[in-house]
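The block underneath contains the structure these notes are about, expressed in structure tokens.
The values are calculated or read from the model by the stated rules, or taken from the named source; none is laboratory data. The structure displayed is predicted, hence computed values, not measured ones. Positions of Cβ are backbone-derived with ideal geometry, glycine not excepted, and every protein chain shown enters the neighbour counts.
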Amino acid sequence: MSRYYEMYVEVTGHKQSKRGAIIDALDDFWDFSSEEFDSLNTGTKREVLFCTARGNLCGGEDEEEFAARLAGEVWKANAGYCVVKTRATYLEELPYEEHILGREDYEAWLETEEESKVS
């Protein structure tokens, strides 16, 4: 069964010389686009790489397994440890509000429209 997610990934404490390799690894790993990968300089010497992408988790994989596999790919590309934060948002059952306006609402709107034309 396939489940639709948005994944936000943040990488810090990586080797600057491995930046391109990390971005390529993430690009190859999932639907992350190297063109969309961004970085933030936090005022320290530590760059933060981050990106979001939407896609499906398949084969019964859960978010924790996905995060572990993704971190492994980043660590391999970095040739060492760095902090890899993954935020998973399940998109198929998000809370939402539905608004259906009835005839009474339409009538009230019409009255407002008529009044605004007179003024």
Against the condition crowded, with 16+ Cβ neighbours inside 10 Å, at pLDDT 85 or above, not acidic (Asp, Glu) and not in a helix (DSSP H, G or I), how does Val11 come out, does it pass?
yes
For Leu49, work out the one condition from (1) under 15 Å from His14 (Cα atoms); (2) more than 22 Å from the chain's Cα centre (by Cα); (3) not β-branched (Val, Ile, Thr) it doesn't fulfil.
(2)
Test: Lys76 is modelled with pLDDT under 90, out of contact with any helix residue (DSSP H, G or I) (no Cβ under 6 Å at 6 or more places or on another chain) and not aromatic (Phe, Trp, Tyr)
no
Restricting to region 28-50, give me the number of residues that are modelled with pLDDT under 90 and surrounded by 11 or more Cβ atoms within 10 Å (Cβ to Cβ).
14
Residues that are exposed (fewer than 12 other Cβ atoms within 10 Å of the Cβ), part of a loop (DSSP other than H, G, I, E, B) and either of a type in the set (Phe, Trp, Tyr) or touching a helix residue (DSSP H, G or I) at 6+ places or on another chain (Cβ under 7 Å) (or both), drawn from region 80-119
Tyr81, Tyr96
